[in-house]
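**Student:** My questions all concern the structure below.
No value in this document is a laboratory result; all are computed from the given coordinates. The model shown is predicted, which means the values in this text are computed figures rather than measured ones. Quick reminder, even Gly has a Cβ in these numbers, built from the backbone with ideal geometry, and neighbours come from all protein chains shown.
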Amino acid sequence: MAGSDSREIERKYAVPDSRPIPPLLSLSGVTRVQRPRVLTLEAVYFDTAELSLDEQHITLRRRTGGDDAGWHLKLPLSADERSELHEPLGTDPELVPARLRRVVAVHTRGRALVPVVNLKTRRTVRRLLGPNDEILGLFCDDEVEAVRPVPSSLSQSWREWEPELVDGDSSMLDAADTLFAAAGVVRSESPSKLA
């Protein structure tokens, strides 16, 4: 199976652990919210030992679980938008696909790509539908546990909300800013779970 490319437009919000989800029907254009679906995702993020990709807001991961298991390379286009390159999982969990290695070579400059953090995410995802049942976006409520293998097995956990556009427009994300701020939830400082 060949790789694919897509564009991702989303925002991330840092959420206090027990904060209830505000009424998503308040988001621009949303007329119905589908029932939640719970996914278990496991991802290993790769970078150089010096975190050269992270410095450029680039993320490279191998993820299992969910609908898009495989290798994902995310390249920033703007604050909310990233170009995403996908490759199949392959058989070696530590062998970054050649196409993705070529894309990041200008940043890695011959340095090895190594696992830098392991994430386990319990994702509760809801589809946000418009008046004709078109999928305007997705709303993900993520409970994340991160373990950094080096220099020691440090772990931390957090919760975040992630609205992502599908066929909706940026007014839905702007409405999310307002709705979530009223609930005491602010945007994350980084668009990546790696940070």
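**Student:** Can you list which of the chymotrypsin sites (Phe, Trp or Tyr not before Pro) found in segment 18-84 are DSSP loop residues with at most 10 other C-beta atoms within 10 Å? Write down the numbers at each step before the final one.
**Tutor:** Working: sites: Y45, F46, W71; in loops: none.
For chymotrypsin sites (Phe, Trp or Tyr not before Pro) across segment 18-84 that sit outside H, G, I, E and B with at most 10 neighbouring Cβ atoms in 10 Å, the list is empty.
**Student:** While we're looking at this one, here's another question. Would you calculate, for the chain, the mean residue ellipticity at 222 nm contributed by helices, counting each DSSP H stretch of 4 or more residues as -39,500 (n - 2.57) and dividing by all residues, to the nearest 500? Kindly include the intermediate steps, with their values, before the conclusion.
**Tutor:** Details: 3 runs with 28 residues, N = 195.
The helix-only estimate for the chain comes to -4000 deg cm²/dmol at 222 nm.
**Student:** Please compute one quarter of the surface area of the Cα convex hull for the chain and express it in square nanometres. If you can, show how the numbers build up before the last one.
**Tutor:** Numbers: hull surface 44.9 nm².
Taking a quarter of the hull surface, the average projection is 11.2 nm².
**Student:** Once both axes come from the Cα atoms, what is the angle between helix 170-182 and the longest principal axis of the chain, in degrees from 0 to 90, rounded to 10?
**Tutor:** 80
**Student:** Moving on. Shape verdict for segment 86-195, please, from the Cα gyration tensor: rounded (a/c under 1.5), prolate (a/b greater than b/c) or oblate.
**Tutor:** Details: a/c = 2.27, a/b = 1.60, b/c = 1.41.
Note, shape of segment 86-195 comes out prolate.
**Student:** For T64 paired with A183, estimate the spin-label separation in nm (one decimal), with each label point 7 Å from Cα along the Cα-to-Cβ line.
**Tutor:** Each label point is offset 7 Å from its Cα along the Cβ direction, giving 3.2 nm.
**Student:** Continuing with the same structure: If one takes the longest principal axis of the Cα atoms in the chain, at what angle in degrees, from 0 to 90 and to the nearest 10, does the Cα axis of helix 98-108 lie?
**Tutor:** 80
**Student:** For the chain, which span is the longest to avoid every loop-located (per DSSP) member of GluC sites (Glu not before Pro) having at most 15 other Cβ atoms inside 10 Å? List each step's numbers first, then the result.
**Tutor:** Numbers: sites that count: E50, E94, E134, E189.
Free of exposed loop sites, the longest segment is 135-188.
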